[in-house]
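Contents: one structure, followed by commentary.
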Amino acid sequence: MAGYEHGGWREKYHIQKIGKFALYPTAKRAKYFVLRFDKDPHARVAMAAYADSVESVNPRFAEDIRKKIRPHNRRAMIKRGGLSGVFPSA
């Protein structure tokens, strides 16, 4: 059973910046929402919606997001035999 299939909101992750971003500390009161998009089809739907939303201000970022989720959607389509459960609008 996947984590999204039971229970409610849980604090599960500690966020830490990496690379050149590690020079700037993570804000103590910052809120983050972590999605595991390789296994969770709902996470991919959320990411696609985010890409749609951010596209007008940062088209490159929107396309990068779509490129990240595309292979996982293809695998899900093959496993499920179609688009059902991958993207509700498809």
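Summary table below
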item	result
For segment 33-42, 3J(HN,Hα) per residue [Karplus equation, 6.51 cos²θ - 1.76 cosθ + 1.60, θ = phi - 60°, Hz, x = Gly/Pro]	10, 9, 10, 9, 7, 6, 10, 9, x, 5
Cα-Cα over 22 Å, subset of 39/68; 39/67; 12/67; 28/67	12/67; 28/67
Listed peptides 28-41, 48-61, 10-23 by packing density, highest first (mean Cβ within 10 Å)	48-61, 28-41, 10-23
Cα-only radius of gyration and Dmax that characterise segment 3-80, units Å	14.9, 43
Spin-label model distance (nm) - residue 20 vs residue 67, 7 Å beyond Cα toward Cβ	1.7
Distant-in-sequence amide H partners of residue 26 (H built 1.01 Å from N, under 5 Å)	17
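Each value in this text was obtained by applying a stated rule to the coordinates, not by laboratory testing. What you are looking at is a predicted structure, and each value in this text was computed from that prediction instead of being measured. Counting neighbours? That spans all protein chains shown, and the Cβs are built from the backbone with ideal geometry, glycine included.
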